[in-house]
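These notes concern the structure reproduced below.
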Amino acid sequence: MSDSEFRIRAKRGHHSRLRFWFDPMNQKILDGDADLIYPDELSCDNICTHELFLPFIEKYFPGKFLFRSELNLMPMENVKEMVAEVRACIELIDQGDMDNPRLNIVRDGFDMDLLVPSEEYDEKWFDASPAEKKEGVKEHRGVITAFYTKICDYLDEMIEKYEPQGFEYIAISAPS
C-alpha cells in the first residue's frame with residue numbers, strides 16, 4: 001500500500017500538504033517564548049481526518065473546536081481518553097463488527113473514495129450500490145485501522161515524551 005495512492009495519510013513532522021496538525025504544546029510556546037516543535041508534529045490529510053477522526057476530537061474537546069488553523073488546545077487527559085476510545089473502535093473494526101453501535105460516532109466517514117486509489121474508485125466503486133460500498137468498506141477496513149493506529153500510536157508517544165516535560169496540551173489545528 002503506497003502512501004501516495006490513498007487519501008488517508010498521516011506523517012510525522014510538519015507536512016504543509018497534509019493540513020490537519022497535532023502538536024505538543026506548553027505555556028512557553030503559547031507565550032511566544034518558544035517555537036512549535038515541528039519535527040514532533042503529526043500531520044494528517046485534512047479530508048480523511050475530518051471524516052474519520054474529527055468526531056472523536058469533537059467528543060473529547062473541551063468547548064467548540066475551531067477551524068482556520070486555530071490552535072485548539074486539548075488537555076493531555078482528554079487526548080488519553082480519546083485515544084482509548086479510538087483503540088476500542090479499532091478492535092471492533094479489525095473484528096469486522098462494522099455495525100457495532102460504538103462505531104456510530106464515525107461510521108458515516110467510512111467512504112470507499114478514501115479507502116482505495118482514485119482510479120480503482122472510478123472504475124469499481126463510483127456507481128456501486130450502498131450495499132456494495134458497505135461491503136467494500138468492510139473488505140478495506142485495514143486502511144481505516146492503519147490510519148487510526150498511526151494517529152493513536154503517535155499521540156501516545158507525544159504524551160509519553162512531552163507530558164513529563166510539563167506540556168499540558170496537544171494543539172490541534174486544521175483549515176475549515
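Readers should treat all values here as calculations from the given coordinates under stated rules, not as data from a laboratory. Bear in mind the structure is a predicted one, so any value in this text is a computation, not a measurement. Virtual Cβ from ideal backbone geometry, glycine too; neighbours counted across all protein chains shown.
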(Q) Just to verify a number: FRET efficiency for GLU168 and ARG87, C-beta to C-beta distance, R0 = 22 Å, to 0.05? (A) 0.45
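So what's the projected area for the chain, the Cα convex hull averaged over all directions, in nm²?
Taking the Cα atoms of the chain, their convex hull projects to 10.3 nm² on average.
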Q) Among the listed pairs LYS11/LYS138; LYS134/LYS161; LYS64/LYS150, which are separated by more than 28 Å between their Cα atoms? A) LYS134/LYS161
Q: With a cut-off of at most 14 other beta carbons within 10 Å, and DSSP calling the residue loop, which trypsin sites (Lys or Arg not before Pro) in segment 28-79 qualify? Please list them.
A: LYS64, ARG68
Q) Going 7 Å from the Cα of GLN95 in the Cα-to-Cβ direction, what parts of segment 120-151 have a backbone nitrogen less than 19 Å from that spot? A) 138-146, 148-149
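Within 10 Å of each candidate Cβ there may be at most 15 other Cβ atoms; applying that plus a DSSP loop requirement, which GluC sites (Glu not before Pro) in segment 1-107 survive? Intermediate results must be reported in sequence, preceding the final value.
Details: sites: GLU5, GLU41, GLU51, GLU58, GLU70, GLU77, GLU81, GLU85, GLU91; in loops: GLU41, GLU70.
The qualifying sites are GLU70.
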(Q) 7 Å from Cα along Cα→Cβ at both GLU123 and ARG68: what's the point-to-point distance in nm? (A) 4.3
